[in-house]
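Chemist: Please read through the structure below; I'll follow up with questions.
The values are calculated or read from the model by the stated rules, or taken from the named source; none is laboratory data. As the structure is a prediction and not an experimental result, all values here were calculated from the model. Neighbour counts are summed over all protein chains in view; Cβ atoms, including those assigned to glycine, are modelled from backbone coordinates with ideal geometry.
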């Protein structure tokens with residue numbers, strides 16, 4: 001009668017990581033970083049309730065981006081197909097496209113659907129001007 005011996009050994013990759021990297025390097029690998037992501041790989045948030053208008057504010061943002069670049073990175077999450085879904089930064093993305101940029105500085109976050117909606121709504125509610133219809137759509141997901 002043979003007995004099967006089951007050992008719970010770490011993988012070779014995890015051993016290599018533990019041997020050849022410092023704790024500081026491992027901690028740094030877990031931190032969020034700003035990445036330059038091609039605009040062509042960023043999809044809008046589905047049923048985004050906030051309007052992105054070609055108005056005076058957009059013209060001002062476009063001029064600012066043309067002069068100073070993007071000062072605040074957008075927030076995205078990676079989709080199953082490898083593309084990215086834009087959580088926060090729809091106006092920055094549009095202004096970047098108008099200016100002719102091909103990439104957008106982004107922070108990639110691990111967010112489930114509910115966290116993504118909350119983050120998207122929260123970032124937009126901080127804007128100075130929000131239409132009542134935009135606010136209503138953001139609070140009532142069935143209208144999106």
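Chemist: For the range 83-97, enumerate the residues that are without any contact (Cβ under 8 Å) to a residue 40 or more places away in the chain and surrounded by fewer than 22 Cβ atoms within 10 Å (Cβ to Cβ).
Modeler: Of everything in the range 83-97, just one residue is without any contact (Cβ under 8 Å) to a residue 40 or more places away in the chain and surrounded by fewer than 22 Cβ atoms within 10 Å (Cβ to Cβ), namely 91.
Chemist: Taking the range 102-129 as the search range and keeping residues that are part of a loop (DSSP other than H, G, I, E, B) and touching a helix residue (DSSP H, G or I) at 6+ places or on another chain (Cβ under 7 Å), which one is modelled with the lowest pLDDT?
Modeler: Within the range 102-129, the first condition is being part of a loop (DSSP other than H, G, I, E, B), and the residues that meet it are 102, 109-112, 126-129.
Restricting the remaining residues to those that are touching a helix residue (DSSP H, G or I) at 6+ places or on another chain (Cβ under 7 Å) gives 102, 111.
On the way: 102: 97, 111: 91.
Of everything passing the filter in the range 102-129, 111 is modelled with the lowest pLDDT.
Chemist: Let me ask you something else. Among the candidates 16, 62, which residue alone is surrounded by 10 or more Cβ atoms within 10 Å (Cβ to Cβ), touching a helix residue (DSSP H, G or I) at 6+ places or on another chain (Cβ under 7 Å) and either assigned to a helix (DSSP H, G or I) or modelled with pLDDT under 90 (or both)? Show your work before the answer.
Modeler: Numbers: 16 fails: touching a helix residue (DSSP H, G or I) at 6+ places or on another chain (Cβ under 7 Å).
Just a single option satisfies the conditions, and that option is 62.
Chemist: In the range 65-86, how many are closer than 10 Å to residue 42 by Cβ and either more than 16 Å from the chain's Cα centre (by Cα) or not in a loop (DSSP other than H, G, I, E, B) (or both)?
Modeler: Matching residues across the range 65-86 total 5.
Chemist: Right, something else. Any idea which residue in the range 24-42 is surrounded by the fewest Cβ atoms within 10 Å (Cβ to Cβ), counting only those that are part of a helix (DSSP H, G or I) and in contact (Cβ under 8 Å) with a residue 40 or more places away in the chain?
Modeler: First, pick out the residues of the range 24-42 that are part of a helix (DSSP H, G or I): 24-30, 39-41.
Restricting the remaining residues to those that are in contact (Cβ under 8 Å) with a residue 40 or more places away in the chain gives 39-41.
On the way: 39: 14, 40: 10, 41: 15.
It comes out as 40.
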